[in-house]
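The values are calculated or read from the model by the stated rules, or taken from the named source; none is laboratory data. These numbers come from a predicted model, not from an experiment. Note that we place each Cβ from the backbone using ideal geometry, even for glycine, and neighbour counts take in every protein chain shown.
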Amino acid sequence: MGAAGVVVWTTLNQGGPGTPAIPLAKPAGSAEETPDDGSGPTGQQSVGEAITSCRREVAVAESVLAAAGDGIGHWREHVQAQTDLSLGRTEEDEAEKIWQRTRQAGASDVAKYQTAKSGRKADGNACRPVKGAEDDQGEQLKLCHTRLSKVSSALTNADLAMKDWQRQLEALKDADPDDLHHYEDSWLEAWRKAPENLDRYSAAMDTLAKTKSCPR
């Protein structure tokens, strides 16, 4: 910002020694500079940029969350097949079909999620209040900030569930055909623990579904 009211002085030598210094005249029509309080064109431009950045941050976070959807869905099916088998609600051959199908999709699930995740650089200041914002702009930022908070919570839980799925896929890949008993023990342990992160993810997604979207 310019410093308002500063006057530049110079000495006119044509009048000889002793001639008093006089101020340089401002060009006709010029106005005094005033501090930017955020309400002028520059301030509104800054607010507009903040809103655009906020929308982009929400959209990217939502895209990463969507990328986790398929993988978590397959992991849930994988776990549910064991649950149904243990409760006698399905036959082993049916469970095997589900395990094989979800396992085959696993590598793609993980790659899709990791690609989306690596492309996001979270901005901790996104959607914060901005000085000079009009009332409707402030409300928009507030709404988007709430949405981003809920998406971030869902992402935290999605990441935990995806890590569970990735670990199981790696265990399947590394399983020793001559020591399937060891694999079965590790799988049953993973199966017992899986609902915790899956349930947290589901709860976060339910909360997100009740949260208003960020206006585009």
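Examine the range 112-121 for a residue that is in a helix (DSSP H, G or I) and of a type in the set (G, A, S), and state whether such a residue exists.
Taking the range 112-121 as the starting set, the residues that turn out to be in a helix (DSSP H, G or I) are 112-118.
So of that shortlist, the ones also of a type in the set (G, A, S) come out as 116, 118.
Within the range 112-121 (the criterion being in a helix (DSSP H, G or I) and of a type in the set (G, A, S)), the answer is yes, since at least one residue qualifies.
Given the criterion more than 12 Å from the chain's Cα centre (by Cα), within 30 Å of E49 (Cα to Cα) and modelled with pLDDT of 95 or more, identify the matching residue among K97, K142.
K142
What are the residues in the range 83-103 that are in contact (Cβ under 8 Å) with a residue 40 or more places away in the chain and more than 14 Å from W165 (Cα to Cα), if any?
First pass over the range 83-103, keeping only residues in contact (Cβ under 8 Å) with a residue 40 or more places away in the chain: 83, 103.
The answer is T83, and nothing else.
How many residues are among the aliphatic types (A, V, I, L, M) and surrounded by fewer than 18 Cβ atoms within 10 Å (Cβ to Cβ) if we restrict to the range 144-180?
If we filter the range 144-180 for residues that are among the aliphatic types (A, V, I, L, M), which is where we start, we get 148, 151, 154-155, 158, 160-162, 169, 171-172, 175, 180.
Okay, now just the ones that are also surrounded by fewer than 18 Cβ atoms within 10 Å (Cβ to Cβ), so 160, 171-172, 175, 180.
Of the residues in that region, 5 qualify.
Any residue in the range 59-82 that is on the phi < 0 side of the Ramachandran plot and among the acidic types (D, E) sitting within a Cβ distance under 6 Å of a residue that is surrounded by 18 or more Cβ atoms within 10 Å (Cβ to Cβ) and in a helix (DSSP H, G or I)? List the pairs, counting only those 6 or more apart or interchain.
What qualifies is E62/V151; D70/D109; E77/I98; E77/T102.
Please go through the range 66-91 and pick out each residue that is assigned to a helix (DSSP H, G or I) and among the charged types (D, E, K, R).
Restricting attention to the range 66-91, the residues satisfying the condition of being assigned to a helix (DSSP H, G or I) are 66-86.
D70, R76, E77, D84 - these are the residues of the range 66-91 that are assigned to a helix (DSSP H, G or I) and among the charged types (D, E, K, R).
Is it true that L172 is out of contact with any Asp or Glu (no Cβ under 9 Å at 6 or more places or on another chain) and either outside any helix (DSSP H, G or I) or at pLDDT below 95 (or both)? Walk me through how you get there before you give the answer.
On the way: out of contact with any Asp or Glu (no Cβ under 9 Å at 6 or more places or on another chain): yes; either outside any helix (DSSP H, G or I) or at pLDDT below 95 (or both): yes.
Yes; evaluated as a whole, the condition is true for this residue.
Got at least one residue in the range 187-198 being modelled with pLDDT under 95, under 20 Å from Q82 (Cα atoms) and among the small types (G, A, S)? It would help to see each step written out before you state the result.
Here is the first cut: in the range 187-198, the residues modelled with pLDDT under 95 are none.
No, the range 187-198 contains no residue that is modelled with pLDDT under 95, under 20 Å from Q82 (Cα atoms) and among the small types (G, A, S).
How about the range 113-130: which of its residues are in contact with an Asp or Glu (Cβ under 7 Å, 6 or more places away or on another chain) and crowded, with 16+ Cβ neighbours inside 10 Å? Talk me through it step by step, then tell me what you get.
Looking only at the range 113-130, we keep the residues that are in contact with an Asp or Glu (Cβ under 7 Å, 6 or more places away or on another chain), and these are 123, 126-127.
If the condition is that a residue be in contact with an Asp or Glu (Cβ under 7 Å, 6 or more places away or on another chain) and crowded, with 16+ Cβ neighbours inside 10 Å, then A126, C127 are the ones that fit.
Among (1) surrounded by 13 or more Cβ atoms within 10 Å (Cβ to Cβ); (2) assigned to a helix (DSSP H, G or I), which single condition is A133 missing?
Here A133 clears every test but (2).
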